1. Going through segment 205-230 one residue at a time, which ones are without any contact (Cβ under 8 Å) to a residue 60 or more places away in the chain and assigned to a helix (DSSP H, G or I)?
2. Return only the number of the condition from (1) in a strand (DSSP E or B); (2) closer than 29 Å to Ala226 by Cα that Ala136 does not satisfy.
3. I'd like the full set of residues that are under 29 Å from Ala83 (Cβ atoms) and either assigned to a helix (DSSP H, G or I) or polar (S, T, N, Q) (or both), limited to segment 42-64.
4. Could you check, for segment 175-198, whether at least one of its residues is among the charged types (D, E, K, R) and free of Cβ contacts under 8 Å to residues at least 60 places away in the same chain?
5. Is there any pair linking a residue in segment 35-64 that is not assigned by TED's automatic domain parsing to the domain that holds Phe77 to one that is modelled with pLDDT of 95 or more and hydrophobic (A, V, I, L, M, F, W, C), with Cβ under 8 Å and at least six apart or on different chains, and which?
6. For segment 87-132, give me each residue that is modelled with pLDDT of 95 or more, assigned to a loop (DSSP other than H, G, I, E, B) and closer than 21 Å to Gln174 by Cα.
7. For residues in segment 141-172 being touching a strand residue (DSSP E or B) at 6+ places or on another chain (Cβ under 8 Å) and part of a loop (DSSP other than H, G, I, E, B), which is farthest from Ala80 (Cα to Cα)?
8. Looking at segment 233-240, can you tell me whether even one residue there is free of Cβ contacts under 8 Å to residues at least 40 places away in the same chain and in a helix (DSSP H, G or I)?
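The values are calculated or read from the model by the stated rules, or taken from the named source; none is laboratory data. Since we're looking at a predicted model, the values are computed, not measured. Here the Cβ is made from the backbone with ideal geometry for all residues, glycine too, and neighbour counts use every protein chain on show.
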Amino acid sequence: MVRYQVVRLIAAVVLALGPGFGAQARGLVAAASDLQFVMPDLVAAFGATGGGEIEVVFGSSGNLTRQIRQGAPHELFLSADEAYVARLEEAGLTDGAGVIYAEGRLSLFVPEGSGIGADFAAFEAALAAGSVARFAIANPEHAPYGLRAREALEHRGIWEAVQPVLILGENVAQAARFAASGNADGGLIAHSLALSPEMSARGQSVLVPAEWHSPLLQRMVLMRDAGDEARAFYEWLQSDEAGDILAQAGFSVGAEE
């Protein structure tokens, strides 16, 4: 069964912590849910360079932004949409404007056993025939991948038609869980999640054409009171090594600022 840990990932999952664990400073990171499967690899590689302990909280970018504005002690924010970083910067909560670390993509995911093939024409035909019982996306109100999913469905002229069967995940990881578990006939989810071994073992996916929705420029930013560990991780995430890991996980890197 695919399991999603959408609350917290601690660096202990990738590094054997030494005897000084209890006294060691932590870098507190808030990360968009599309990073859930790649983040352990990023934290592990950072630790292998001598980096310190990183603690990660996952969620939709909108909800994480709200938490930061309400005083959550996150030191580094990796958003799935740069618009949320801009809001925090405007509120005077960040150390600068941050940098784009990746561009995300959207995929149509169909679980094994679904009557729909991993093909847009097949999905649209099944929807028109009334053969789609449930279809999952993240909540467009606060999840960037949900908003882009809505844009893609609107682009295809089927947003209204999909309303009766639509189920919304709190974030894109939850939408992926709905699609992979058989609770939905498919879904529009982050390409990075669809590519993961956990998901690809449970279904098939196909990329949504980039021109069907606005870009998912993913920006990260430090908070004003970020500590040394978070700052070191932020700098390392801009390295070629981090970029290679993100690229292998399905992200485009080197996007224009």
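1. So the first thing to find is which residues in segment 205-230 are without any contact (Cβ under 8 Å) to a residue 60 or more places away in the chain, and the list is 209, 211.
Passing the criteria: only Glu211.
2. Of everything listed in (1) in a strand (DSSP E or B); (2) closer than 29 Å to Ala226 by Cα, Ala136 misses just condition (2).
3. Leu42, Val43, Ala45, Phe46, Ser60, Ser61, Gly62, Asn63, Leu64
4. Pass one, segment 175-198, residues among the charged types (D, E, K, R): 177, 185, 198.
Subset that is free of Cβ contacts under 8 Å to residues at least 60 places away in the same chain: none.
Looking through segment 175-198, none of the residues is among the charged types (D, E, K, R) and free of Cβ contacts under 8 Å to residues at least 60 places away in the same chain.
5. Here the result reads none, with nothing in segment 35-64 linked to a residue that is modelled with pLDDT of 95 or more and hydrophobic (A, V, I, L, M, F, W, C).
6. Arg105
7. The extreme case among them is Glu170.
8. The initial filter retains those residues of segment 233-240 that are free of Cβ contacts under 8 Å to residues at least 40 places away in the same chain, namely 235, 239-240.
Within this subset, residues satisfying the condition of being in a helix (DSSP H, G or I) are 235, 240.
Scanning segment 233-240 turns up at least one residue that is free of Cβ contacts under 8 Å to residues at least 40 places away in the same chain and in a helix (DSSP H, G or I).
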